[in-house]
Amino acid sequence: MAASPTLRRRRLARQLLTLRANRGMTVDAVAKEAKKRRPERPWSAAKITRIENRKVQRVREVDLLTLLDVYGVTDTEQRSAFVTLAAEASQTGWWFGYKAEFGTAAYIDLETEANEMRSFQLGVIPGLLQTPGYAEAVIRGVGSLMPERLPGEWTLE
């Protein structure tokens, strides 16, 4: 199953925000510390905020590793999981080539990681759950079809 970049981006942003909150650091403090560790990279409170608010489409690996250093994440497996999550978050879903048909494609993007579907029907049982007798009663009740147009296996009395 394809990964959802939108959900991955949300997950990454939430986890980075949680790491910062657990360290009790402000975005200004993180930006200062990151600038000390990587002076060649542009760091600001606004950059940290954009990452945490999912305004950045692609978090560069060097920036992610710097943030993990600032937050004190030293476990190699955990760091590797963050790098993988960031890489998956920066990918483009197959549906982006069909923006004209799908619009912003928000729901299609979320569908890739859905594990449950719920449906609400006000007054009518969903088609797959209908028995022939129930379907016939619905059709008769609506009055949209003449009785002779009902499928042959249904009997009319």
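Rundown of residues vs (1) part of a helix (DSSP H, G or I); (2) of a type in the set (Phe, Trp, Tyr); (3) free of Cβ contacts under 8 Å to residues at least 40 places away in the same chain; (4) surrounded by 14 or more Cβ atoms within 10 Å (Cβ to Cβ), yes/no style:
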| position | (1), (2), (3), (4) |
| --- | --- |
| Leu7 | yes, no, no, yes |
| Leu12 | yes, no, no, yes |
| Ala21 | yes, no, yes, no |
| Met25 | no, no, no, yes |
| Ala29 | yes, no, yes, yes |
| Lys32 | yes, no, yes, yes |
| Lys35 | yes, no, yes, yes |
| Pro39 | no, no, yes, no |
Out of (1) surrounded by 11 or more Cβ atoms within 10 Å (Cβ to Cβ); (2) at pLDDT 70 or above; (3) within 30 Å of Pro5 (Cα to Cα); (4) among the small types (Gly, Ala, Ser), the odd one out for Ala105 is which?
-> (2)
Quick check, is Ala46 of a type outside the set (D, E, K, R) and either surrounded by 18 or more Cβ atoms within 10 Å (Cβ to Cβ) or touching a helix residue (DSSP H, G or I) at 6+ places or on another chain (Cβ under 7 Å) (or both)?
-> no
Starting from region 77-96, take each residue that is in a helix (DSSP H, G or I) and list its partners that are among the small types (Gly, Ala, Ser) and at pLDDT 85 or above, counting only C-beta distances under 9 angstrom and pairs at least six apart or across chains.
-> Ala89/Ala13
All but one of (1) modelled with pLDDT under 95; (2) buried (at least 17 other Cβ atoms within 10 Å of the Cβ) hold for Trp94, so report the exception by its number.
-> (2)
State whether the residues of region 70-78 include one that is farther than 25 Å from Thr92 by Cβ and under 23 Å from the mean Cα position of the chain (by Cα).
-> yes
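The values are calculated or read from the model by the stated rules, or taken from the named source; none is laboratory data. Keep in mind the model is a prediction, meaning the values are calculated, not measured. Ideal geometry is used to build each Cβ from the backbone, glycine not excepted, and the neighbour counts take in all protein chains shown.
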